[in-house]
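Right, one structure below, let's go through it.
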Amino acid sequence: MGVGIEVTNLNAWYGTNHTLQDINLPVPANHATALIGPSGCGKSTFVRCLNRMHETNPVARVTGSVRIGDQDIYADASPVEVRRRVGMVFQRPNPFPTMSIYDNVCSGLKLNGFRNRKMLDEVVERSLRQSALWDEVKDDLKKKSGASLSGGQQQRMCIARALAVDPEVLLMDEPASALDPVSTSKIEDLIFELKSQYTIVIVTHNMQQAARVAEKTGFFLNGRLVEFDSTHKIFTNPSDKRTEDYITGRFG
Amino acid sequence: MTRIRFHRSLDDLKEKLLVMAGLAEQAIQRAIEAYRVRDLSICDLVSRSEMAINRLEREIDQAALDLLAMEQPMAIDLRFILAVIKINADLERVGDGAKSISDRVRTMDNMAIADLPVDIPRMASLASNMVRKALQAFIEADAEMAQSVLSLDDAVDSMNRAAHVSLANVMATQCHLAPQALNALMVCRSLERVADHATNIAEDVIFWVKGADVRHKGSVDADVAGSLEAPVSRHAN
């Protein structure tokens, strides 16, 4: 099951650039939360702070607290531990090109030392079913490489890979922006299905997508969280004029 | 500023609705003038206006539908287009009301002029003022002005109820004036509906500007409270 995330006074820097400023945001468990805002507003940096990926950049720095469930991920956990609890899917599918579909999906488990063949088979099937890809690839699991799949299938395989390690939170950074409308619909349907089991945070430039899949939406601007509310409120009657100007195209 | 073409289309939509509003307002004034002076040539003008209003109603609905389908509007833009669609329907009904009054005038053409205990010009003036004020609120995106229209409806309702009582009394006591009284009653009913449409327009302006749904306040509250009495809608069907 997913767990809630409590972000308190989060600040992030790239060198001297203060990219996130005093972010306070409660992400509800087992819901999809969308983050919107113009390019460079800090939304991707924000999600990278939720699984301690931001600090992989040598000039990056973070202060503040991110609690996932009962754990402060910057005080009480190692980055490896955090990333096991928090899966991530990126804008472009990133399969391991030399690995089969099967090995792609269970690569995280193998890295963590799991070798039990029966258990791996079960996890691969479960993860591919959850990502709605099983029926399309079940006969070619070990024959085809992950890179031989279509873009939409690759992205669902990457979702399966993220799910295979049984995370509680799934971060998605523009997961459908490189996909055609049919593949996009499949990813959106998937988000809708998965949020009953995982807490999902999705960064998107597609506001209709945010409106379709998320219960909560946050609007970022210049490194600050301008407004965070129910998606319905944000897209029908936002409280802040900057949010309204952005979503109605009067901004910029 | 981005989406320049879309926002220009919204301006065009508003302009088109205002043309229709002008026609509807003029139609109701002409219909009352036709009733007052019993002039069938004015009734012809009302009929022509009503046809133009109907044509504009279709054009505005189509333009609004295109914007919804093609532009995926959000927030205040979405509320604006929804308000336009509803105001469009109300203005068309105002045009129908004018036509209905002019039809009464045609029916009364051969009847003797009777001195009836009802002030139709005053009632018409109140209803027209409501329409004008609601449209002014729409032009200026002024929710406070729209709010002030809502309270005016009670006066028209009250005049309509009083007209029912006094005209029913005429029909009962002065049978030879029953046809005129019946027609006057129907004119009052049309004016009361025009005032209802002005109320609806004002409510749509509030929804557009504030995002607040102020419709059916009394009746919904009564429903929630589990009132045994059926709530009475203030609006025309």
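The values are calculated or read from the model by the stated rules, or taken from the named source; none is laboratory data. Just so it is clear, the model here is predicted, and its values are computed rather than measured. Reconstructed Cβ throughout: ideal geometry from the backbone, glycine too, with neighbour counts over all protein chains shown.
Scan the range A:203-217 residue by residue and report those that are assigned to a helix (DSSP H, G or I) and away from every other protein chain (no Cβ under 14 Å).
From the range A:203-217, those assigned to a helix (DSSP H, G or I) are A:207-213; that's our starting set.
Across the range A:203-217, the qualifying residue is only A:Val213.
Can you tell me which residue in the range B:1-38 is nearest to the other protein chains (Cβ to nearest Cβ), limited to those that are in a loop (DSSP other than H, G, I, E, B) and touching a residue at least 24 places away in the same chain (Cβ under 8 Å)?
If we take residues in the range B:1-38 being in a loop (DSSP other than H, G, I, E, B) and touching a residue at least 24 places away in the same chain (Cβ under 8 Å), then B:Arg3 is nearest to the other protein chains (Cβ to nearest Cβ).
Each row is one residue, and each column tells you yes or no for (1) away from chain B (no Cβ under 14 Å); (2) out of contact with any strand residue (DSSP E or B) (no Cβ under 7 Å at 6 or more places or on another chain); (3) among the acidic types (Asp, Glu); (4) surrounded by fewer than 20 Cβ atoms within 10 Å (Cβ to Cβ).
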| residue | (1), (2), (3), (4) |
| --- | --- |
| A:Ser177 | yes, yes, no, yes |
| A:Val182 | yes, yes, no, yes |
| A:Ser185 | yes, yes, no, yes |
| A:Leu194 | yes, no, no, no |
| A:Val201 | yes, no, no, no |
| A:Phe219 | no, no, no, no |
| A:Asn222 | yes, yes, no, yes |
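Residues of the range A:224-244 being part of a strand (DSSP E or B) and either among the charged types (D, E, K, R) or within 11 Å of chain B (Cβ to nearest Cβ) (or both), which ones? Full working, then the answer.
Residues of the range A:224-244 part of a strand (DSSP E or B): A:224-230.
Scanning the range A:224-244 gives A:Arg224, A:Glu227, A:Asp229.
Got a number for residues in the range A:142-165 being of a type in the set (D, E, K, R), in contact (Cβ under 8 Å) with a residue 40 or more places away in the chain and under 24 Å from A:Glu81 (Cα atoms)?
Qualifying residue count, the range A:142-165: 1.
Which residues, counting only those in the range B:72-101, are out of contact with any Pro (no Cβ under 8 Å at 6 or more places or on another chain), within 14 Å of chain A (Cβ to nearest Cβ) and not polar (S, T, N, Q)?
B:Pro73, B:Met74, B:Ile76, B:Asp77, B:Leu78, B:Arg79, B:Leu82, B:Ala83
State all residues of the range B:81-108 that are polar (S, T, N, Q) and more than 26 Å from B:Leu68 (Cα to Cα); if no residue qualifies, say none.
Passing the criteria: B:Ser100, B:Ser102, B:Thr107.
Does B:Asp90 satisfy the criteria of being out of contact with any helix residue (DSSP H, G or I) (no Cβ under 7 Å at 6 or more places or on another chain) and either farther than 30 Å from B:Leu13 by Cβ or at pLDDT 95 or above (or both)?
no
So that you can scan it fast, the table gives a plain yes or no per residue for (1) under 28 Å from A:Arg92 (Cβ atoms); (2) surrounded by fewer than 22 Cβ atoms within 10 Å (Cβ to Cβ); (3) in contact with a Cys (Cβ under 9 Å, 6 or more places away or on another chain):
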site	(1), (2), (3)
A:Tyr198	yes, no, no
A:Glu215	yes, yes, no
A:Lys241	no, yes, no
A:Arg250	no, yes, no
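Being free of Cβ contacts under 8 Å to residues at least 24 places away in the same chain, among the charged types (D, E, K, R) and assigned to a helix (DSSP H, G or I): is that true of A:Arg115 here?
Numbers: free of Cβ contacts under 8 Å to residues at least 24 places away in the same chain: yes; among the charged types (D, E, K, R): yes; assigned to a helix (DSSP H, G or I): no.
Here the answer is no, as A:Arg115 does not meet what is asked.
Could we say that B:Met186 is surrounded by 21 or more Cβ atoms within 10 Å (Cβ to Cβ) and in contact (Cβ under 8 Å) with a residue 60 or more places away in the chain here?
no
Does at least one position in the range A:49-64 carry a residue that is in contact (Cβ under 8 Å) with a residue 60 or more places away in the chain and basic (Lys, Arg)?
Start the filter on the range A:49-64 by keeping residues that are in contact (Cβ under 8 Å) with a residue 60 or more places away in the chain, which leaves A:50-51.
Narrowing the set further to residues that are basic (Lys, Arg) leaves none.
No, because not a single residue in the range A:49-64 is in contact (Cβ under 8 Å) with a residue 60 or more places away in the chain and basic (Lys, Arg).
Scan the range A:89-108 residue by residue and report those that are closer than 15 Å to A:Ser127 by Cβ, out of contact with any Pro (no Cβ under 7 Å at 6 or more places or on another chain) and of a type in the set (S, T, N, Q).
A:Ser100, A:Ser107
Could you check, for the range B:55-70, whether at least one of its residues is within 14 Å of another protein chain (Cβ to nearest Cβ) and either farther than 27 Å from A:Thr217 by Cβ or in contact (Cβ under 8 Å) with a residue 12 or more places away in the chain (or both)? Walk me through how you get there before you give the answer.
The initial filter retains those residues of the range B:55-70 that are within 14 Å of another protein chain (Cβ to nearest Cβ), namely B:67-70.
Keeping just the survivors that are either farther than 27 Å from A:Thr217 by Cβ or in contact (Cβ under 8 Å) with a residue 12 or more places away in the chain (or both) gives B:67-68.
Yes - at least one qualifying residue is present in the range B:55-70.
Scan the range A:40-82 residue by residue and report those that are within 21 Å of A:Leu109 (Cα to Cα), buried (at least 19 other Cβ atoms within 10 Å of the Cβ) and not aliphatic (A, V, I, L, M).
Of everything in the range A:40-82, those that are within 21 Å of A:Leu109 (Cα to Cα), buried (at least 19 other Cβ atoms within 10 Å of the Cβ) and not aliphatic (A, V, I, L, M) turn out to be A:Asn51, A:Arg52.
Does A:Val80 qualify as being in a helix (DSSP H, G or I), without any contact (Cβ under 8 Å) to a residue 40 or more places away in the chain and not charged (D, E, K, R)?
Yes, satisfied.
State yes or no: is A:Ile247 aliphatic (A, V, I, L, M), more than 10 Å from every other protein chain (Cβ to nearest Cβ) and within 14 Å of A:Ala34 (Cα to Cα)?
Against the criterion (aliphatic (A, V, I, L, M), more than 10 Å from every other protein chain (Cβ to nearest Cβ) and within 14 Å of A:Ala34 (Cα to Cα)), A:Ile247 does not qualify.
Against the definition (hydroxyl-bearing (Ser, Thr, Tyr), under 24 Å from B:Arg38 (Cα atoms) and in contact with a Pro (Cβ under 8 Å, 6 or more places away or on another chain)), how does B:Ser166 come out, yes or no?
Considered against the rule, which asks whether it is hydroxyl-bearing (Ser, Thr, Tyr), under 24 Å from B:Arg38 (Cα atoms) and in contact with a Pro (Cβ under 8 Å, 6 or more places away or on another chain), B:Ser166 comes out as yes.
In the range A:118-150, what residues are among the basic types (Lys, Arg), assigned to a helix (DSSP H, G or I) and surrounded by 12 or more Cβ atoms within 10 Å (Cβ to Cβ)?
Once the filter is applied, which keeps residues that are among the basic types (Lys, Arg), assigned to a helix (DSSP H, G or I) and surrounded by 12 or more Cβ atoms within 10 Å (Cβ to Cβ), the range A:118-150 yields A:Arg126, A:Arg129.
What number of residues within the range B:22-76 are more than 16 Å from the chain's Cα centre (by Cα), buried (at least 22 other Cβ atoms within 10 Å of the Cβ) and acidic (Asp, Glu)?
The qualifying residues number 0.
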